[in-house]
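In what follows, a structure is listed as structure tokens, so that the remarks can point back to it.
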Amino acid sequence: ALVDKLRELNLVEKIIAVGHRVVHGGEHYSKPTLINDDVKNTIESLAKLAPLHNPANLIGINACQLAFPELSQMAVFDTAFHQSMPEKAYLYGIPLELYSKYGIRRYGFHGTSHYFVANQVAQLIKKPIEQCNLISAHLGNGCSVTVIKNGKSVDTSLGMTPLEGVMMGTRSGDIDAGIIFHLVEQLGYTVEQVDALLNKKSGLLGVSQLSNDCRTLETAMLDESHAQSAQAKLALTVFCYRIAKSIASFSASLTELDGLIFTGGIGENSSWVRQQILKQLSLLNFHVCDEANQATRFGACGNIATKSSRPCWVITTNEEWVIAQQSAQLLS
Ligand code: AMP
């Protein structure tokens with residue numbers, strides 16, 4: 001359908017390369033990469049770490065190679081930005097051989113988005129990105145918090161898979177791993193059922209029992225006559241608390257902090273969520289300016305903190321732009 005549309009618009013001749021978002025690059029890729037058969041094989045072998053994403057990414061790559069055989073195809077990995085994490089951040093507290101033999105470690109995701117918004121803030125504050133220390137919260141249907149030291153990712157909340165970390169739209173984020181044994185051994189769940197429960201039926205959806213959509217929950221919360229008003233508020237409250245806790249915990253990675261960034265569908269648009277999170281971060285000297293917070297939505301960017309507060313920017317993310325830019329750079 002996309003190729004037909006491009007033909008209809010006479011745009012095919014203008015395309016110089018195809019950039020693909022590939023979710024898992026494991027430890028193999030820390031930079032955008034020209035796709036050849038070896039790279040495709042590696043992406044396929046990493047499907048065991050990202051079974052929902054990497055096979056779909058390969059379908060896109062194969063389709064574009066068929067449609068545009070003469071064009072270079074580039075892969076931009078969602079894990080690449082986090083390859084700068086130190087061992088202390090990416091290792092789990094489990095036997096080391098699970099890492100050395102099987103690659104069980106934290107990789108992190110949403111790297112392209114965190115990279116983009118951090119660079120946008122560096123430009124806004126006119127500071128070289130290599131000197132910027134930031135905490136970035138990408139809050140969409142998937143959510144992650146990343147700590148950026150001197151322009152590089154040094155820790156992030158998503159792990160080996162996109163299930164770890166803060167609570168998300170339908171994913172639980174961190175839970176006591178013992179709950180999984182309890183579900184299987186005491187409550188008779190199968191492994192597949194636990195997988196579906198934690199990935200697809202938890203998070204905002206699971207707690208509210210209403211929706212994973214932040215807009216639906218905010219509307220229900222504000223309408224006291226709504227049957228699930230209280231549960232919608234509870235889900236959003238747990239969501240915001242867990243994100244605030246994650247942001248605060250990442251201060252352990254920094255000695256200086258230029259500010260906080262909100263991005264993603266929720267981070268860019270929900271002034272309620274941002275206010276709730278910032279209210280719980282006053283110890284880190286974050287204080288929201290209500291007026292700026294209300295005004296900075298729907299594509300508006302800027303600082304939503306008071307003058308005496310540490311800055312807190314709302315930045316509209318643009319992963320597609322990064323993929324296009326990095327692909328063009330690689331081509332040249
Ligand atoms: P994303 O995955 O980045 O596209 O973000 C999707 C999430 O953004 C969903 O939970 C939406 O409900 C949320 N979102 C989009 N627009 C708004 C809005 N105006 N207010 C609150 N949440 C929003």
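Here are the numbers for the structure shown:
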quantity	calculated
Any helices (runs of 4 or more DSSP H) falling wholly within region 237-332 and containing at least 2 residues that are over 18 Å from the mean Cα position of the chain (by Cα)	271-279, 290-295, 319-331
Residue pairs meeting the criteria (Cβ under 7 Å; at least 6 apart or on separate chains; first among the aliphatic types (A, V, I, L, M) and at pLDDT 95 or above, in region 261-275; second open to solvent by 10 Å² or more (accessible area, probe 1.4 Å) and near the ligand (Cβ under 7 Å from one of its atoms))	Ile266/Gly140; Ile266/Cys214; Val273/Cys214; Val273/Ile266
Residues within region 9-31 that are under 21 Å from the mean Cα position of the chain (by Cα) and either among the polar types (S, T, N, Q) or open to solvent by less than 40 Å² (accessible area, probe 1.4 Å) (or both), tallied	9
Scan of region 52-75 for residues that are more than 23 Å from Arg171 (Cβ to Cβ), outside any helix (DSSP H, G or I) and of a type in the set (A, V, I, L, M, F, W, C), ordered by number	Phe68, Leu71, Met74, Ala75
Checklist (1) within 16 Å of the ligand (Cβ to nearest atom); (2) surrounded by fewer than 20 Cβ atoms within 10 Å (Cβ to Cβ) applied to Gln131, failing item	(1)
Residues (open to solvent by 50 Å² or more (accessible area, probe 1.4 Å), more than 16 Å from the ligand (Cβ to nearest atom), assigned to a helix (DSSP H, G or I) and under 25 Å from Glu164 (Cβ atoms)) located in region 182-230	His182, Val184, Glu185, Gln186, Val191, Glu192, Gln193, Asp195
Tally, over region 268-296, of residues that are over 25 Å from Phe109 (Cβ atoms), open to solvent by 40 Å² or more (accessible area, probe 1.4 Å) and within 13 Å of the ligand (Cβ to nearest atom)	3
Some residue of region 11-20 being part of a loop (DSSP other than H, G, I, E, B) and touching a residue at least 24 places away in the same chain (Cβ under 8 Å)	yes
Hits in region 101-118 - residues which are more than 8 Å from the chain's Cα centre (by Cα) and more than 11 Å from Gly159 (Cα to Cα)	Lys101, Tyr102, Gly103, Thr112, Tyr115, Phe116, Val117, Ala118
Conditions (1) more than 21 Å from Leu134 (Cβ to Cβ); (2) open to solvent by less than 70 Å² (accessible area, probe 1.4 Å); number of the one not met by Leu254	(1)
Test result for Asn150, of a type outside the set (A, V, I, L, M), open to solvent by 10 Å² or more (accessible area, probe 1.4 Å) and more than 16 Å from the ligand (Cβ to nearest atom)	yes
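Residue by residue, here is whether (1) open to solvent by 10 Å² or more (accessible area, probe 1.4 Å); (2) in contact (Cβ under 8 Å) with a residue 12 or more places away in the chain holds:
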site: Ala80; (1), (2): yes, yes
site: Leu98; (1), (2): yes, no
site: Arg105; (1), (2): no, yes
site: Val117; (1), (2): no, yes
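The values are calculated or read from the model by the stated rules, or taken from the named source; none is laboratory data. Predicted model, so just to flag it, every value in this text is computed and none were measured. Neighbour counts run over all protein chains shown; Cβ positions are idealised from the backbone, glycine included. Surface areas here come from the heavy atoms of the whole protein model, side chains and all, with no ligands, DNA or RNA. Shrake-Rupley method; radii C 1.70, N 1.55, O 1.52, S 1.80 Å.
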